[in-house]
Each structure stands twice: as C-alpha cells, then as structure tokens.
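Read the structure below first, then the notes.
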Amino acid sequence: MTASRPRQFDLIAFDWDGTLFDSTALITRCIQRAVVDVGGAEPSREAASYVIGMALMPALAHAAPDVPKEKYPALGERYRHHYMAHQNDISLFDGVLAMLDDLKSRHHWLTVATGKSRHGLNESLQAVELRHRFDGSRTADETAGKPHPLMLQELMREFGAEPDRTLMIGDTTHDLQMALNAGCASVGVSYGAHAPDDFHALNPRHVAHSVRELHDWLLLNA
C-alpha cells in the first residue's frame, strides 16, 4: 500500500454472527434448545445471547451453569444439531455485500475474526459466496476464544498491520474487549447480540445502528 493506502485503517476485521450474518436469533434459540435437550434449565434469551461470539463450548457452559461437565459433549452436539437444521434460513444483513465491495475498492484488507469453528465459518462463506471478498480469517478453535486477542494478533502478523491501523467491528462486548486487548480500535453495531449501552466502557470509535450507518461511517472514517 503506497498511494492507495487507506486513510486510517489498513486491516478491518469483522465479527461474523450478528455483525455481517443475521443469525443472532437463531443461535439464541439453538442454545436454549440444546440446554433443555441435555436436562438443563432453559436459559433466558438475554443469557443465551450474551455468550454469542465466544468459543462454542465456553459459551454453552456459561449459558448452562446447571449442566454437569460430563454432558458438555452432548450439549455441543445438540447445539450443532439445531443450528444445522436451520442454518439455511439465515442470510447476510441487507447492505453487507455493497459495504464490503466499497471497502475492497479502497484497498483495505478485509478479514473475519469469529467465535465460530473453522468448519462452520467455511460453510457459511461457501453458502453466501463470500470467499473472494475476504483476505483472511481466524476462528476460535484454531486460535483462542474472545476476548483473548490472539485472533487479531495473528491477522495483524499475517498482513503486517500495526495495531493502530487495525479496526475490529462487532456486535458484542467480547469483540470490543478483544480489540482493546490487542491495542486496536473498534466499532460496535447495535443490531446484534449485545445491548449497545454496554459498549461505551470499551471505547469504540462509533456505534452503528444499521449496516447503512456502518457503511457510511467507514467510508468517512476508515
């Protein structure tokens, strides 16, 4: 990047579920159903949605404190069962493809940093024909779950990006805390899993209330 270097951020990392992919409600329901399937008390919608973005097994354990550890494998299996049954019911938020294309035309490196597994992310990327729009990605099962900074640190090393020129975008406090832990800037989106009132303590540059607003902010500030 020389004359075409972006204004502020060379590397932009997006969370997946609840940020680009309209999957928050489905994931919440799948967590609730999985817990009940293995004999636990159904977590509230708030408790189930809070753990979105974390690695799968820590997320399920947090959402189901009354489920014994020996049932965790079954808990994970039931979650995957419910999710796979409905994964084709969900899609990208409106406006995501146009936003990504505009950012690519401005020579940002676009990446994904997600609590999904590598297998799960690859399936999602294939299903919505997004592979060519991203330059790289990291998942929780191949690095460390959020808010540990390893996903962002590995992406920065891969592309030679500095923390002050790296932006993390996500819908949870886990995403924004990961950015803080990595020394990166962040932007929160309010249309996903976590209430935006919880974002402010983590110092995001902006909180966007729609993909259109996020798109506009990035064109002006990234």
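Summary table
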read-out: Highest-first arrangement of 62-69, 110-117, 162-169, where packing means the average Cβ count within 10 Å; value: 110-117, 162-169, 62-69
read-out: Electrostatic dipole magnitude of region 24-89 [Cβ: Lys, Arg +1; Asp, Glu -1; Cα centre; debye, to 20]; value: 60 debye
read-out: Fully extended contour minus Cα-Cα distance, from R7 to H86, at 0.36 nm per residue; value: 24.4 nm
read-out: 28 Å tail of the calculated P(r), the chain, as % of Cα pairs; value: 25 percent
read-out: Ascending count of other beta-carbon atoms within 10 Å, so fewest first, for F93, F9; value: F93, F9
read-out: Extension reserve of the N221-R157 stretch, reckoned as 0.36 nm per residue once the Cα distance is removed; value: 20.7 nm
read-out: Debye intensity ratio in log₁₀ form over the Cα atoms of region 24-89, taken at each q of 0.13, 0.25 Å⁻¹; value: -0.27, -1.06
read-out: FRET E, pair R212, D66, Förster distance 41 Å, beta-carbon r, rounded to 0.05; value: 0.50
read-out: Nearest-0.05 FRET efficiency for D164 and H107, computed from C-beta distance (R0 25 Å); value: 0.90
read-out: Cα centroid separation - region 115-182 against region 197-222, whole Å; value: 18 Å
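Every number in this text was worked out from the coordinates using simple rules, so none of it is lab data. What you see is a predicted model; the values in this text were computed from it and never measured. Neighbour counts are summed over all protein chains in view; Cβ atoms, including those assigned to glycine, are modelled from backbone coordinates with ideal geometry.
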